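Please read the structure below before turning to the comments.
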Amino acid sequence: MFLEAIPELWLRLDANRQWTLEKAKKFAGYIAPEFRQRIAFLEEPCQQPDDSLLFSAETGIAIAWDETVRDAGFEPAAQNGLSAIVIKPTWLVRLLMCVNW
Ligand SMILES: [Mg+2]
């Protein structure tokens with residue numbers, strides 16, 4: 001509704017890993033395809049990162065990693081549909097302390 005009413009509006013949204021893939025796709029169903037590109041990203045739509053990537057591939061809505069960054073074994077990499085990685089100041093400070101900067 002906001003995207004349709006305000007043509008210059010861009011949104012950054014956050015689902016905090018609260019949705020199943022099915023529920024995330026239901027959300028996308030409420031957004032007309034021509035407006036989906038004005039969602040700069042949707043952070044962590046699904047409980048599982050692989051489902052979030054699938055969500056992006058199937059809906060054309062870009063995603064961002066937030067919680068996933070703190071998952072064991074996470075390595076930053078370009079992925080289809082991924083448009084941002086959220087880096088919080090506290091996380092950045094910890095990272096800088098680890099590299100003795
Ligand atoms: Mg977040």
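The values are calculated or read from the model by the stated rules, or taken from the named source; none is laboratory data. Nothing here was measured: the structure is a model prediction, and the numbers come from that model. Positions of Cβ are generated from backbone atoms using ideal geometry, with glycine treated the same way; all protein chains shown enter the neighbour counts. Just the protein is used for accessible areas: all its heavy atoms, side chains included, with ligands, DNA and RNA removed. Shrake-Rupley method; radii C 1.70, N 1.55, O 1.52, S 1.80 Å.
Within the range 32-50, being assigned to a helix (DSSP H, G or I) and either buried (at least 19 other Cβ atoms within 10 Å of the Cβ) or within 15 Å of the ligand (Cβ to nearest atom) (or both) holds for one residue alone: Pro49. Remark: Arg94 matches the filter, which requires a residue to be assigned to a helix (DSSP H, G or I) and out of contact with any Ser or Thr (no Cβ under 7 Å at 6 or more places or on another chain).
For the range 55-84, residues that are within 14 Å of the ligand (Cβ to nearest atom) and assigned to a loop (DSSP other than H, G, I, E, B) total 2.
The single condition from (1) more than 12 Å from the chain's Cα centre (by Cα); (2) outside any loop (DSSP other than H, G, I, E, B) that Leu13 fails is (1).
With respect to Phe27, is the statement that it is farther than 20 Å from Ala78 by Cβ and either open to solvent by 80 Å² or more (accessible area, probe 1.4 Å) or in contact with a helix residue (DSSP H, G or I) (Cβ under 7 Å, 6 or more places away or on another chain) (or both) true? No: the conditions fail for Phe27.
For the range 61-80, the count of residues that are surrounded by 14 or more Cβ atoms within 10 Å (Cβ to Cβ), polar (S, T, N, Q) and within 21 Å of Phe2 (Cα to Cα) is zero.
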